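The values are calculated or read from the model by the stated rules, or taken from the named source; none is laboratory data. Keep in mind the model is a prediction, meaning the values are calculated, not measured. Please note: Cβ atoms are built from the backbone with ideal geometry, for glycine as well, and neighbour counts cover all protein chains shown.
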Amino acid sequence: MAGRAPQPQPARKGTGRFAVVAARFNEHISKRLLDGALQAFAAAGVPAASVDVHWVPGAFELPQAAAHLADTRRYAGIVCIGCVIRGQTPHFDFVAGQAARGIQDVALRTGVPAAFGVITALTEEQALERAGGEVGNRGEEAAHAALDMAAFVASLGSRTHGKKTKS
């Protein structure tokens, strides 16, 4: 079901450093998502100097970049943004599913909130509606999720995130 995400917690002030990892594939859409994420951080009082932006080739590479960033322990949260548009082959299913699974895995493995701001759409028009159009901005929503989860983790009284597992 499409629609806007729940509103963020009122008057929550973001603290700490945050990272945004953006996919260059469908870059014109990712840039709109990035704008939304940066606006959300600014509205939460996170200084621009406390938000690092990193670009990767596509949505499939988002989890790997997020994992490296989370492992540095520099960030209170990581926002992963990008856009996967269904084509005429099953490639969409593999990329979108693995990006979602990988981003979730980063959060679970490290304890660093990793928010999923990847649009999965059937058409470019649908993607644009979710990148600042009628349906909202998934980048903004992902930044709000990262802020909320970072505050949740901080409320537990520990800056120690999840433990790395041995391979």
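Among the candidates 22, 40, single out the residue that is touching a residue at least 24 places away in the same chain (Cβ under 8 Å) and assigned to a helix (DSSP H, G or I). Break it down stepwise before answering.
Values: 22 fails: assigned to a helix (DSSP H, G or I).
The match here is 40.
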**Study point:** Close pairs from the range 131-150: first within 15 Å of residue 29 (Cβ to Cβ), partner surrounded by fewer than 19 Cβ atoms within 10 Å (Cβ to Cβ) and not charged (D, E, K, R), Cβ under 6 Å, at least 6 apart
**Key:** 135/2; 141/5
**Study point:** Residue, surrounded by the fewest Cβ atoms within 10 Å (Cβ to Cβ), within the range 43-84, restricted to residues that are in a strand (DSSP E or B) and among the small types (Gly, Ala, Ser)
**Key:** 77
Check your understanding: How many residues does the range 107-150 hold that are part of a helix (DSSP H, G or I), surrounded by 24 or more Cβ atoms within 10 Å (Cβ to Cβ) and either at positive phi or basic (Lys, Arg) (or both)?
Key -> 1
Revision key, fill the gap. Every listed condition ((1) farther than 15 Å from residue 80 by Cα; (2) at pLDDT 95 or above; (3) of a type in the set (Lys, Arg)) holds for residue 32 save (1)
Point to revise | Options 99, 121; residue that is touching a Pro at 6+ places or on another chain (Cβ under 8 Å), of a type in the set (A, V, I, L, M, F, W, C) and over 22 Å from residue 153 (Cα atoms) | key: 99
